[in-house]
Protein chains: 2
Amino acid sequence: MTNPPGQFSPTFRDELAELMRWRRDVRRFLTAPVPADLVTRCLSAFASALSVGLSEPWRLLRVESPEARQACHANFRGSNAKALAGQSGEKAQLYSQLKLSGMAEAPLHLAVFCDDGTSKGSGLGAGTMPETRAYSVVGAITLFWLALRAEGLGLGWVSILDPDRLARDLAVPDSWRFIGYLCIGWPEEENCVPELERSGWETRAATLHVDTR
Amino acid sequence: MTNPPGQFSPTFRDELAELMRWRRDVRRFLTAPVPADLVTRCLSAFASALSVGLSEPWRLLRVESPEARQACHANFRGSNAKALAGQSGEKAQLYSQLKLSGMAEAPLHLAVFCDDGTSKGSGLGAGTMPETRAYSVVGAITLFWLALRAEGLGLGWVSILDPDRLARDLAVPDSWRFIGYLCIGWPEEENCVPELERSGWETRAATLHVDTR
């Protein structure tokens, strides 16, 4: 570290922008295992994450047993079939061809929850907007995602799931709200263009519009 | 950029971890203005952000007029007084001494919303969990926050606000859900320990517990 603490160089900023471009949702994984110490190092990003009132409401479950994985995968397949039924015409045809989860191949699966009932933080900052606890978990996942990508690892966030069924299948406490199912592993291919853009599903906006009040 | 595209060095990873430690919620700002081109550069992080179905549901408002700022600040003061009334004993005394917003000093204010009614992305990934649109906005804010911090800028996320009143005061479309009010500027002091930890409100967990299913 050649810079003073908390100060960063233009070179670092360029690399950070590059990292953000490469932080993509990955659905095509190699089945090769991910070294445990690598994952532990990346998980340490949670300790730096934003959390409302310092409530640290994230709860992580490693989904490992064949039974638990099968339950989650079946949940995805059911929810995805329903989602497909909600599309029509060309969009339905395109949807059916999209690969929307790497659950069959990714070596590491994490189900992430938010403990809405935590007393940590004594409710500070979450009075008018209790959803900020869930937002804290999302911010932490985002940091974790960047840390993984900086190690060459990919993450795919699966949200096409019935959250109540998933919480039941994984037998989590009542106060835990499901946030996201994360598939983690080595990407099958390196690409920094979102898969939904490559497939023609949607394009990214060319500019960010900021209005003024 | 000396590394192959999408690959990052151990030095970069160390600096990234350092940046994450320095990404703190800032409530004490200098009033000095922030150069517009710096903000624009940091806002480009939104283009790399995760968004469900590529829906890019973020909507940003720069809160600039004295009227708009006063309305938001009054909203915070009212919500904060109610939150204080909900604390008791020593916690109430401590709460009353906390500085929970930099709204009076920060030169740049951004109100961030999620357009729950957007047709962009055709609903992909948000069928069973519509809240993933809001989560996309939170992920984008997290990237923006890191980009700001890499430039030495601080961000303070204010959530002690009545979201309905804020949406009304800023006259936003009905489908916009309020996510967070961001105060941005140069930090008054450099510190990588959360203010709530320094004040004795709450401590961070020493370890991250990951259970297995």
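Data for the structure
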| quantity | calculated |
| --- | --- |
| Shielding of A:42-51 by partner chains, average beta-carbon count, 10 Å | 6 |
| The protein assembly as shown: Rg to Rh, with Rh as the Kirkwood radius over Cα pairs | 0.94 |
| Gaussian network model of chain A, springs between alpha carbon atoms under 10 Å - residue of A:Thr142, A:Thr118, A:Thr11 with greatest fluctuation | A:Thr11 |
| Scattering profile of the range A:1-70 at q = 0.14, 0.18, 0.26, 0.29 Å⁻¹ [log10 I(q)/I(0), Debye over alpha-carbon scatterers] | -0.80, -1.18, -1.26, -1.23 |
| Computed over chain B: relative contact order in percent, which uses C-alpha pairs under 8 Å that are six or more apart | 35 percent |
| For B:3-15, mean number of other protein chain Cβ atoms within 10 Å | 5 |
| Cross-link reach list, lysines versus A:Lys91, counting only Cα pairs under 28 Å and skipping chain neighbours closer than eight places | A:Lys82, A:Lys99, B:Lys120 |
| Spatial separation of Cα centroids for the range B:139-208 and the range A:128-179, in angstrom | 19 Å |
| Selected from A:Ala85, A:Gly102, A:Ser48, residue furthest toward positive end of dipole (chain A; charges at beta carbon) | A:Ala85 |
| Zero-based 10 Å bins, Cα pair distances in the range B:6-125, whole percents | 10, 25, 31, 26, 8, 0 |
| Shortest-first nm distances, B:Leu208 label point to equivalent points in other copies (7 Å, Cα→Cβ) | 2.5 |
| Top positive-direction residue, dipole computed over chain A with Cβ charges, set A:Ala140, A:Trp22, A:Ala167 | A:Ala167 |
| Dipole moment magnitude, nearest 20 debye, the range A:26-189 about Cα centre, only Lys, Arg, Asp, Glu C-beta charged | 180 debye |
| Number of partner chain Cβ atoms within 10 Å, mean per residue of B:54-63 | 4 |
| Ranked list, fewest to most other Cβ atoms within 10 Å of each Cβ, for B:Ser136, A:Ser9 | A:Ser9, B:Ser136 |
| Neighbour-count order for A:Asp174, A:Asp164, fewest beta carbons within 10 angstrom listed first | A:Asp174, A:Asp164 |
| Copy-to-copy label separations for B:Gln7, where each label sits 7 Å from Cα toward Cβ, in nm and ascending | 3.2 |
| Exposure proxy ranking, count of Cβ atoms within 10 Å, fewest first, for A:Thr31, B:Thr207 | B:Thr207, A:Thr31 |
| Cα convex hull of chain B - mean projected area over all directions, nm² | 15.5 nm² |
| Label geometry 7 Å along the beta-carbon vector: B:Arg41 inter-copy distances in nm | 2.9 |
| Stokes-Einstein translational diffusion, the range B:90-178 - Kirkwood Rh over all Cα pairs, 1.002 mPa s, 20 °C, in µm²/s | 137 µm²/s |
| Ellipticity estimate at 222 nm from DSSP helix runs (n ≥ 4, -39,500 (n - 2.57)) divided over the protein assembly as shown, nearest 500 | -11500 deg cm²/dmol |
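Computed from the coordinates by the stated procedures, all read-outs in this text should not be read as laboratory data. Since the model is a prediction, treat every value here as computed from it, not as a measurement. Reconstructed Cβ throughout: ideal geometry from the backbone, glycine too, with neighbour counts over all protein chains shown.
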